[in-house]
1. Given contacts defined as C-alpha pairs under 8 Å and at least six residues apart, what's the relative contact order of the stretch 136-215, whole-number percent?
2. Given the -39500 (n - 2.57) contribution per DSSP H run of 4+ residues, what per-residue ellipticity at 222 nm results for the chain, rounded to the nearest 500 deg cm²/dmol?
3. Treat each spin label as a single point 7 Å out from the Cα along the C-beta direction, and report the VAL215 to ARG237 distance in nm.
4. Considering only protein heavy atoms, what per residue accessible area in square angstrom results for the stretch 527-572 with a 1.4 angstrom probe?
5. Would you mind calculating the gained length between ARG692 and ALA578 on full extension (0.36 nm times residue separation, minus the Cα-Cα distance), in nm to one decimal?
6. For the chain, what's the relative contact order in percent, using C-alpha pairs closer than 8 Å and at least 6 residues apart?
7. Which order do you get for LYS477, LYS585 if you rank them by accessible area with a 1.4 Å probe, largest at the top?
8. Over the stretch 315-400, how many pairs of lysines fall under 19 Å by alpha carbon, counting only those 8 or more apart in sequence or from different chains?
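The values are calculated or read from the model by the stated rules, or taken from the named source; none is laboratory data. All values reported here derive from a predicted model rather than from experimental measurement. With ideal geometry, Cβ positions are generated from the backbone for all residues, glycine too; neighbour counts draw on all protein chains shown. Keep in mind that these areas ignore ligands, DNA and RNA; they rest on the heavy atoms of the full protein, side chains included. Shrake-Rupley method; radii C 1.70, N 1.55, O 1.52, S 1.80 Å.
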Amino acid sequence: MSIVFHEQSKTFHLYNQDISYIIKILPSGHLGQLYCGKAIHDRPDFDRLFETCPRSMSVCYFEDDPAYSLEHIKQEYATCGTGDMHLPALDACTPDSSRLLDLHYQGHAVTPGKPVLNGLPATYTEQDDEAETLSVRLADPLAGVTVTLFYTIFAQYPAIARHAEIGYTGQGTLRLDRAMSLCLDLPDMDYEMVELTGAWARERHVVARPLAQGVQAVYSLRGCSSHHFNPFLALKRPDTTELSGEVYGFSLVYSGNFLAQADVDPYHVTRVTMGIHPQNFHWKLAAGETFTTPEAVLVYSDRGLNGMSQTFHQLYRTRLARGVWRDKVRPILVNNWEATYFDFDEDKLLGLAAEAKKLGIELFVLDDGWFTNRNDDHGGLGDWEVNTAKLPDGLKGFGEKLNAMGMQFGLWIEPEMVNPGTRMWQEHPDWVLHQPGRRPQPGRNQYVLDYSNPAVVEHLYHHFEALFDGVPLRYIKWDMNRSISDAFSCAANPDTQGEVLHRYILGVYRLYQLLTDRFPQILFESCASGGARFDPGMLYYAPQCWTSDDTDAVERLKIQYGTSFVYPVSSMGAHVAAVPNHQVKRVTSLTMRANVAIFGAFGYELDLTRLGDHGQELVTRQVEFVKQHRQLLQFGTFWRLKSPFAGNETAWMTVSPDRQHAILADYRVLQEVNVGYRRLKLAGLDPDTLYRVTPLGSGMAVCGPVQEAFGDELMHAGLVTSDGSCGENKSDEGDFLSRLYLVDALPQ
């Protein structure tokens, strides 16, 4: 890993063994992009990569050089007013209403390690030798605008983290209308754009489309990162697969409104920008103030989509997630929601917990309905007082009863919302996001508290601190069940309403920070009606997220497959739920449901007392299996092998760091008859190691012949997975088939 500045050519080269990123101080003083991609040898001069030529209708920077137009020069942080006619990275309005900015190089510094982004989540280092950071200072003295661009390159990852700090030194007030975290100009458009899209109950489906001239973008204007689009995009070559080829991944460490786009000009240059969505965003800076953008992470891979994903997994799991739970295997839990919904009392809950304990489950999570006036979703949010009719000894007493039977205690909260009629609603109407005189718009019978107001955050912190104090809590599920529509703060001035949505997210981060600092022993899981806020910003505070409200095993194949493009298996809350499934009414076997859910933070969400003897035996074996293998399942290297978006089968596997053990999963949605033979090519194994491959069926029992093969054979010739559906043999298994394989190295 190194950051080199070549003084004579005025070139910066950031590189490690996998990636090179080369930028140059241009003759005009602007910062230009020369190369981003696979690591190349360092040289004192890369000027051959800098290209200019005269083009009709171009605005030229120098009077005597008709070829020097910033419209046709690849830049690092483009602005308005210098002849660049593309969408910029920065758009600001000065007190005289000018939007013209001309940012010139002022200086730079190279420092070991990585700076902290105050109040914002970001990747980090534990030792200075893990990364180096380049900061480049740009300025427009006439406008009084300064911009410092930060680039952190990691020693062990083909990844560069970027953000910008924008300052103001002029008179009056500067208004930021657009402040992107990342701007990158690539020299061609021969890519497919990959996005993660969907809606409630079908989050993060993988969609790929060829780039075309013009703008193609994903975004959220919902106040959260959203079910609809994830703050991520990738650009892959058309021939790139899961296992080979070139791809760039872009991920925003942010949980609010975002924009991620690829803008292709008529000369095939592709500009990628990513950051806070400029719609409804205005930020005012007085003299001496600065604004810090969220962090964007760029990952390069020449090892296909799996290579990109594995870099995100390792970086986000070990250098974005924090706290005592970062490296710990996650407890196996049971959540009472789909077993009881709001209809429960303490005896029913303790009965469920006792059954869970008997089956080997470790943590009981009490979901919605434990507080006063909460027998449906019309009341109670905001007051957070224990309903002693349901829990006569309060949360502390209930938790102690769980502990006495050997179970840990977890709890659901939704601290960002309030219901009409609660005491908070009546006493603090100004704490609700709404414009006075205009009827606020409800969603799920609730309204959004104004987290842009520090007084609201402080009140909630002290309330939950008192509520949790002395309670033996080991887990909190933090939910958020509606989008933000009435983005108006009664506490903000008229000229700062454009800051409300960003300040709201900063308030969410602030409350997370306060609570995780105060209760470091608690494992926080974020949630937003399932996966509406499954983003890197949340992982900084809560190392796992509820992946989707849709717990159907078949739907989860697509949801978890797409989620794995960016997020590690350890971050995906995944539960075995009741059938018929509550979202799609599909009936899948207990084995199928478990075989999907074990590739995540594993648990159950059903009435365990209604399983029957056979079901309880299966659950016991599933729990034992996860306990035995969860280090590998949650923290191994994850490989996607077959896509549920491409056919009837899905396959993936996880491999231990030493490549001595792996677990392979093969899923088939619909049964087939009289089809050809099947082989499945594995990945990530040691080609020179001999492995034993053991198929597991229902109850994790061996269900077929054990095979032996070297790693190269399993990866190139494949594992034979033919079954009774091949040829004229009849299969005794129906739809929704799943099979696990243990892959273990044999002694040499």
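1. 18
2. Computed ellipticity for the chain at 222 nm equals -5500 deg cm²/dmol.
3. So the two model labels end up 3.0 nm from each other.
4. Working: 360 Å² over 46 residues.
On a per-residue basis, 8 Å².
5. Numbers: separation 114, 0.36 × 114 = 41.04 nm, distance 3.43 nm.
Stretched fully, the ARG692-ALA578 segment lengthens by 37.6 nm.
6. Working: 1845 pairs, mean separation 71.2, N = 748.
About 10 percent, as a whole number.
7. LYS585, LYS477
8. 4
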